[in-house]
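Enquirer: One structure follows; several queries about it will come next.
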Amino acid sequence: MKELILLCFTLLLSNFTFGQTEESERLPSFPSGEMARIKFIEDNIQYPLAACRNKIEGKVDVEFWVDTTGKLRGISVCKRLGYGYDEEACRIFKIMPDWIPAKSNGQLVNKEMRITINFILTDDLIKKSKTAHENYLNAREQYTKSNYEETIELLDYSVEEFPDFNEALILRGQAYYNLNDSINACNDWKSAFYGGYTQIYGPLLLNCNINVEDIKLYDDQIFTVPEEMPEFPGGKEVLQNYLIENIEYPVDAYLNQKEGRVFLTFIVEKTGNITDVRVLRGIGHGCDEEAIRTIQNMPNWNPGKLRGIPVRVQYNLPILFVIGEEAKQQMNEAKDIYSEALSHFESANYSEAISLLNKAIELNPWYIDALILRGDVFKELNDLENACVDWNIVKEFGSIELDGKIEEFCGDYNNTFVKIV
């Protein structure tokens, strides 16, 4: 697919030069200049089907360095967008011709670079993605009727416009195979396999010229369903216990009785360590950040494998945030007690107010409003030490509304409070 797509490039050059400290006199450049580079990408870009179908646009930042021979090394994505855009951005740079290398003080040097690609969809692309998907659905119907030639004819358009349409590649390969055209069948299956559709590996081994060594050519490939999925050390039950023991319910979520599932995706590397943790669907109130923190702190997993070889695998995991019924009942009871304590405070019945607030905070140690009010009561009783203990605890929960009050009254007591863990 060759479409004239508007590509916005931002070239960010770091000051870091491998093996050099002098400022570069000549930066790396694409042969024939910047316009030639833009045209190269316009001519070779392949918009992912998933992105077009979901109408996703955005930016991908690609990092690499140009060595002294002009070859691009260490190509990687540092700002991801997903939906196949990250892989496509890397693919474009991997097929580029050699660049003109950087020069410093008359010497050729390695130079690190970062380029931002802004992927912008057109109405034509969205229309083509719809047609490609409709053709695929029609092709499936023809395939069930053993109309293999019609199946291939329909899928030719889908694959030509969207080479990452793995399902179409698999189906077309099956149609070719049923027509005894093993060469075209294997070509389609290989394309799907190297595009991440690892379920086809078995048929490839049985029917096509492929072996385990071929996998090693794709060390950076991220798989979704390898033969052996990654596993938390000890299995799913141990993973569940880890989450229960390590998740700290966010204060804001707890106070607002926010519950639900945070859906995460991350990469289990070949070494088993976790990278690129992202939220697919969150619930807010601090739960998304807590879910990410918990995953990032996990021990190394047992990596996924393909034919016994560790591979990178994208793994999706939902994390459930739920407050027990007893805790909910205690929070509601604490709120009722707080309302009563507030009435006593407004009536200057400070002893009764403190007694009630003690009960509310015992029921819910995270009850920020109750801690603030108890601090105010202590202040009215000229007990600044205990007032500052409560106010500083609230500050530890992330509140800034008491900063002025703490600064005014707590100069001698800022280090006396006990932090609640």
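Enquirer: Output the residue which, of all residues in segment 280-319 that are in contact (Cβ under 8 Å) with a residue 60 or more places away in the chain, out of contact with any Gly (no Cβ under 7 Å at 6 or more places or on another chain) and assigned to a strand (DSSP E or B), is nearest to MET229 (Cα to Cα).
Expert: Out of the qualifying residues, it is GLY304.
Enquirer: Within segment 165-190, take every residue that is under 30 Å from ALA89 (Cβ atoms), surrounded by fewer than 20 Cβ atoms within 10 Å (Cβ to Cβ) and among the polar types (S, T, N, Q) and give me the one that is nearest to the chain's Cα centre (by Cα).
Expert: ASN187
Enquirer: Provide a single number: the residues in segment 223-250 that are at pLDDT 80 or above and either in a helix (DSSP H, G or I) or of a type in the set (Val, Ile, Thr) (or both).
Expert: Residues meeting the conditions: 12.
Enquirer: Go over the candidates ASN392, ASN358 one by one and state the one that is without any contact (Cβ under 8 Å) to a residue 24 or more places away in the chain and part of a helix (DSSP H, G or I).
Expert: Every option except ASN358 fails the conditions.
Enquirer: Separate question: Could you tell me which residue of segment 33-69 is surrounded by the most Cβ atoms within 10 Å (Cβ to Cβ), considering only residues that are in contact with a helix residue (DSSP H, G or I) (Cβ under 9 Å, 6 or more places away or on another chain) and over 26 Å from LYS130 (Cα atoms)?
Expert: PHE64
Enquirer: Related question: Between PHE321, PHE345, PHE378, which is within 41 Å of the chain's Cα centre (by Cα), surrounded by 14 or more Cβ atoms within 10 Å (Cβ to Cβ) and among the aromatic types (Phe, Trp, Tyr)?
Expert: Being within 41 Å of the chain's Cα centre (by Cα), surrounded by 14 or more Cβ atoms within 10 Å (Cβ to Cβ) and among the aromatic types (Phe, Trp, Tyr) holds for just one of PHE321, PHE345, PHE378, which is PHE321.
Enquirer: Between TYR136, TYR143, TYR83, TYR157, which is in contact (Cβ under 8 Å) with a residue 24 or more places away in the chain, part of a loop (DSSP other than H, G, I, E, B) and either outside the structural domain of MET35 (by TED's automatic domain parsing) or of a type in the set (Phe, Trp, Tyr) (or both)?
Expert: Of the residues listed, the single one that is in contact (Cβ under 8 Å) with a residue 24 or more places away in the chain, part of a loop (DSSP other than H, G, I, E, B) and either outside the structural domain of MET35 (by TED's automatic domain parsing) or of a type in the set (Phe, Trp, Tyr) (or both) is TYR83.
Enquirer: Right, here's the next one. Working only within segment 47-74, note down all residues that are among the hydroxyl-bearing types (Ser, Thr, Tyr) and in contact (Cβ under 8 Å) with a residue 40 or more places away in the chain.
Expert: Within segment 47-74, TYR47, THR68 qualify.
The rows are residues; the columns are (1) assigned to a strand (DSSP E or B); (2) modelled with pLDDT of 95 or more; (3) touching a Leu at 6+ places or on another chain (Cβ under 6 Å); (4) under 23 Å from ALA50 (Cα atoms).
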{"site": "GLU112", "(1), (2), (3), (4)": "yes, no, no, no"}
{"site": "THR116", "(1), (2), (3), (4)": "yes, no, no, yes"}
{"site": "ASP124", "(1), (2), (3), (4)": "no, no, no, yes"}
{"site": "ALA132", "(1), (2), (3), (4)": "no, no, no, yes"}
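Here's the yes/no breakdown for (1) touching a strand residue (DSSP E or B) at 6+ places or on another chain (Cβ under 9 Å); (2) over 15 Å from ILE92 (Cβ atoms); (3) at pLDDT 90 or above; (4) not assigned by TED's automatic domain parsing to the domain that holds LYS130:
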site	(1), (2), (3), (4)
GLU3	no, no, no, yes
SER14	yes, yes, no, yes
GLN20	yes, yes, no, yes
SER24	yes, yes, no, yes
GLY33	no, yes, no, yes
GLU42	no, no, no, yes
ALA50	no, yes, no, yes
ARG53	no, yes, no, yes
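Enquirer: Taking GLY58 and the conditions (1) at pLDDT below 85; (2) in contact with a strand residue (DSSP E or B) (Cβ under 8 Å, 6 or more places away or on another chain); (3) within 30 Å of LYS127 (Cα to Cα), which numbered condition does it fall short on, given that it satisfies the others?
Expert: Of (1) at pLDDT below 85; (2) in contact with a strand residue (DSSP E or B) (Cβ under 8 Å, 6 or more places away or on another chain); (3) within 30 Å of LYS127 (Cα to Cα), only one is false for GLY58: (1).
Enquirer: Tell me whether segment 380-403 contains one or more residues that are under 27 Å from ASP288 (Cβ atoms), at pLDDT 85 or above and not charged (D, E, K, R).
Expert: no
Enquirer: Taking into account only those residues within segment 288-311 that are touching a strand residue (DSSP E or B) at 6+ places or on another chain (Cβ under 9 Å) and modelled with pLDDT under 85, which is surrounded by the most Cβ atoms within 10 Å (Cβ to Cβ)?
Expert: Result: VAL311.
Enquirer: Here are the criteria: (1) farther than 22 Å from ILE100 by Cα; (2) part of a helix (DSSP H, G or I). Tell me which single one ASP43 does not satisfy.
Expert: With (1) farther than 22 Å from ILE100 by Cα; (2) part of a helix (DSSP H, G or I) applied to ASP43, the lone miss is (1).
The values are calculated or read from the model by the stated rules, or taken from the named source; none is laboratory data. Predicted model, so just to flag it, every value in this text is computed and none were measured. Methodologically, a virtual Cβ is constructed for each residue, glycine included, from the backbone with ideal geometry; neighbour enumeration extends over all protein chains shown.
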